[in-house]
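The values are calculated or read from the model by the stated rules, or taken from the named source; none is laboratory data. Nothing here was measured: the structure is a model prediction, and the numbers come from that model. Neighbour counts run over all protein chains shown; Cβ positions are idealised from the backbone, glycine included. The accessibility values were calculated without ligands, DNA or RNA, using every heavy atom of the protein model including side chains. Shrake-Rupley method; radii C 1.70, N 1.55, O 1.52, S 1.80 Å.
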Amino acid sequence: MTTLRPFTCDDLFKYNNVNFDPLTETYGLSFYTQYLAKWPEYFQLAESPSGHIMGYIMGKVEGHMDNWHGHVTALTVSPDYRRLGLAGLLMNFLEDISEKKRAYFVDLFVRKSNKVAINMYKNLGYIIYRTILEYYSGDQDEDAYDMRKALSRDVNKKSVIPYTQPVRLEDIDMN
């Protein structure tokens, strides 16, 4: 039996096993605590009956007018607990919070090479909205897909009409 509960500051000392995946972005402590302070309702943890952290989701709500949306900053599930539907459970939680906040859509960024995650998001109803060139930096820069799912407030689904051309990060409004 999995328990979903709010992420706490104490969890920052226990989540390393979840972040070992090379496709999981790991941030500094101040980044996590900023999210805990500003958007605590968007920061949830999946916990096993024995108290192990199985995964977590970290997000926020942002934007203006018809660009008001929920954003998935990080979603990760420990390798020991994959293929159990936890990522879908966490995504549904974030989507429900975004619906309550009257958001038009939920978006996220995913590495173009992360085919497993892309397929999972597609199965959850997300579309590839646009490609952002060189979004991820490192030894080799990598493009990202900006994936979106319209929520009930976006009756005409305007938020998910895809771009046909790739964009650069500096050319888009991230809010």
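The set of residues in segment 89-124 being β-branched (Val, Ile, Thr), modelled with pLDDT of 95 or more and more than 14 Å from Thr73 (Cβ to Cβ) consists of Ile118 alone.
Can Lys122 be described as part of a helix (DSSP H, G or I) and closer than 28 Å to Glu47 by Cα? When the stated conditions are applied, Lys122 passes them.
Considering only segment 114-132, state which residues are under 23 Å from Thr26 (Cβ atoms) and surrounded by fewer than 14 Cβ atoms within 10 Å (Cβ to Cβ). Lys115, Val116, listed by residue number.
Residues in segment 63-106 that are within 13 Å of the chain's Cα centre (by Cα), under 13 Å from Ala150 (Cβ atoms) and open to solvent by 10 Å² or more (accessible area, probe 1.4 Å): Glu95 only.
Residues in segment 132-173 that are in a helix (DSSP H, G or I) and closer than 19 Å to Met65 by Cβ: Lys158, Ser159, Val160.
Candidates are the residues of segment 149-160 that are open to solvent by 20 Å² or more (accessible area, probe 1.4 Å) and not small (Gly, Ala, Ser); the one that is nearest to Asn114 (Cα to Cα) is Lys149. Going by the conditions given, is Tyr145 open to solvent by less than 40 Å² (accessible area, probe 1.4 Å), within 18 Å of the chain's Cα centre (by Cα), over 14 Å from Val72 (Cα atoms) and not basic (Lys, Arg)? Taking the combined requirement at face value, the residue does not satisfy it. How many residues are surrounded by fewer than 16 Cβ atoms within 10 Å (Cβ to Cβ) and in contact with a helix residue (DSSP H, G or I) (Cβ under 8 Å, 6 or more places away or on another chain) if we restrict to segment 18-40? Final tally of qualifying residues: 5.
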